[in-house]
């Protein structure tokens with residue numbers, strides 16, 4: 001063999017941080033403004049204590065250890081301690097219903113749960129509906145054990161306190177499972193995606209690269225993406241891999257607290273969903289402040305409106321780059337960076353060709369579109385097809401073999417997204433297969449229409465769904481949240497859409513004004529809730 005056979009594992013990430021970035025900081029801001037601050041050296045010592053504590057529970061290799069936790073230093077310790085002992089860290093979504101939480105805990109075969117004190121009531125309710133049957137230990141991520149009806153619960157600090165601060169390195173085969181995350185379950189029960197040490201390392205390496213998020217040792221990163229949602233888009237692993245300073249905002253996102261943390265810790269790169277950036281823009285404008293150290297905002301989860309991208313550039317001199325991915329892709333699969341030949345383009349052209357698109361596939365990820373007949377769609381800027389991807393951090397099955405129809409016989413994952421590929425290599429997510437509107441035999445993209453509607457100054461948010469129509473099969477209906485103090489009329493909306501390039505036959509016949517757009521547990525528009533309102537609309 002001409003090259004060393006080094007197994008890719010989370011130990012490679014942890015060892016590199018311990019050896020080279022011992023004095024780099026990790027900062028957590030809690031609700032109320034209190035901050036915890038320590039170094040990578042402290043982090044590795046405490047993660048080692050957790051490894052010994054896990055061993056003391058008598059867990060077997062491959063056992064699932066769940067976290068029901070916010071973004072903070074203790075959760076980061078679990079991110080590495082659990083897989084480094086050859087167990088699987090199962091990140092539980094804190095926004096699930098008790099019934100869904102009970103389902104994923106039992107389906108995932110969890111044996112231990114690490115839980116935040118303020119999430120104990122949710123865990124208690126999950127047990128109350130018959131869940132947690134295989135859980136043998138509950139560890140509360142706190143200094144002291146709070147009052148709870150979960151009698152087996154103990155405090156995290158007591159649990160790790162008496163254990164050694166070093167742990168013998170394990171040689172773990174890279175194909176060993178190390179992480180488990182469930183899909184959001186928008187079309188049925190959540191499905192489990194099992195990550196390996198190899199896929200996690202390669203994803204972190206690529207996310208840190210210039211083709212990914214471009215994270216290096218001189219950066220300070222802040223992921224507003226929850227650590228329970230698809231590995232926080234890989235930012236925790238990537239930042240640890242390269243020794244970047246990390247800042248965490250623990251608990252529910254607060255725009256004022258977020259701006260305070262970004263500013264005081266001199267964050268250079270941050271990532272989150274469009275909703276976060278809408279509220280942060282308003283907070284920055286209210287304060288008349290800028291973020292001079294921040295060079296990039298990564299936006300994903302759903303397509304950011306062009307108006308939002310332009311606002312950050314115009315008012316705050318901040319570049320917003322769009323990323324796309326799914327739980328099944330670990331999750332980052334593409335980022336919309338401009339190419340070298342676009343250096344001298346003006347901003348209007350960059351917005352038109354790059355910034356409003358889902359991105360270029362990351363190195364290692366292959367992407368293609370197929371139509372309903374299985375034919376490959378050309379990347380010509382107009383042909384649509386279902387987006388298929390494959391790569392070293394893309395799932396080839398779901399836990400338990402569920403959802404087999406999502407994977408093709410020739411080795412591709414069918415994302416369920418309808419996309420358009422462009423000759424420059426970028427692709428655009430036109431819609432989810434279930435959200436496309438077919439009117440008179442022609443397709444209408446609800447995503448494009450939503451983005452156009454949200455460009456109206458009178459509109460805060462908008463979601464478009466299909467309404468059954470006896471003549472045209474389906475017609476678009478716009479649900480609109482007006483901006484503060486504004487009203488939105490159907491005539492003005494239709495005129496705006498026509499000016500934006502929509503054909504007359506595509507325009508909505510109706511709009512419904514609502515107070516807020518319902519969202520899924522990971523912050524995406526929950527159109528099934530909107531559709532449930534249609535009979536009464």
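The values are calculated or read from the model by the stated rules, or taken from the named source; none is laboratory data. Just so it is clear, the model here is predicted, and its values are computed rather than measured. Cβ atoms come from the backbone with ideal geometry, glycine included; neighbour counts cover every protein chain shown.
Quick notes
- So residue 253, is it in the same structural domain as residue 212 (by TED's automatic domain parsing), under 20 Å from the mean Cα position of the chain (by Cα), within 24 Å of residue 179 (Cβ to Cβ) and buried (at least 23 other Cβ atoms within 10 Å of the Cβ): no
- Where a residue in segment 7-22 is free of Cβ contacts under 8 Å to residues at least 24 places away in the same chain and its partner, wherever it lies, is surrounded by 19 or more Cβ atoms within 10 Å (Cβ to Cβ), with Cβ under 9 Å and at least six apart: 22/40; 22/44
- Of the residues making up segment 468-492, those that are outside any strand (DSSP E or B) and closer than 24 Å to residue 434 by Cα are 470, 471, 472.
- Residue among 127, 154 that alone is farther than 23 Å from residue 231 by Cα, in a strand (DSSP E or B) and modelled with pLDDT of 90 or more: 154
- Set 405, 417: member being at pLDDT below 95, more than 19 Å from the chain's Cα centre (by Cα) and outside any loop (DSSP other than H, G, I, E, B): 405
- Figure legend. Inter-residue proximity from segment 490-501: first residues without any contact (Cβ under 8 Å) to a residue 40 or more places away in the chain, second residues surrounded by 13 or more Cβ atoms within 10 Å (Cβ to Cβ), beta-carbon distance below 6 Å, spacing 6+ or different chains. Indicated pairs: 490/511; 494/507.
- Of all residues in segment 384-398, those being under 26 Å from residue 189 (Cβ atoms) and surrounded by fewer than 18 Cβ atoms within 10 Å (Cβ to Cβ) number 2.
- Residues of segment 112-151 that turn out to be surrounded by fewer than 20 Cβ atoms within 10 Å (Cβ to Cβ) and either outside the structural domain of residue 64 (by TED's automatic domain parsing) or more than 24 Å from the chain's Cα centre (by Cα) (or both), as a count: 21
- Filtering 381, 364 for residues that are in a loop (DSSP other than H, G, I, E, B), within 20 Å of the chain's Cα centre (by Cα) and surrounded by fewer than 21 Cβ atoms within 10 Å (Cβ to Cβ) leaves a single hit, 364.
- Considered as a group, the residues in segment 340-360 that are under 23 Å from residue 301 (Cα atoms) and free of Cβ contacts under 8 Å to residues at least 40 places away in the same chain include one that is surrounded by the most Cβ atoms within 10 Å (Cβ to Cβ), and that residue is 350.
Matching residues to (1) closer than 21 Å to residue 49 by Cβ; (2) touching a helix residue (DSSP H, G or I) at 6+ places or on another chain (Cβ under 9 Å):
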site: 143; (1), (2): yes, yes
site: 148; (1), (2): no, yes
site: 154; (1), (2): yes, no
site: 161; (1), (2): yes, yes
site: 167; (1), (2): yes, yes
site: 174; (1), (2): no, yes
site: 191; (1), (2): no, yes
site: 195; (1), (2): no, yes
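- Residue 447 passes every criterion in (1) out of contact with any helix residue (DSSP H, G or I) (no Cβ under 8 Å at 6 or more places or on another chain); (2) buried (at least 18 other Cβ atoms within 10 Å of the Cβ); (3) modelled with pLDDT of 90 or more apart from (3).
- Scope segment 35-77; condition in a loop (DSSP other than H, G, I, E, B), touching a strand residue (DSSP E or B) at 6+ places or on another chain (Cβ under 9 Å) and loosely packed, with under 15 Cβ neighbours inside 10 Å; matching residues: 60, 62
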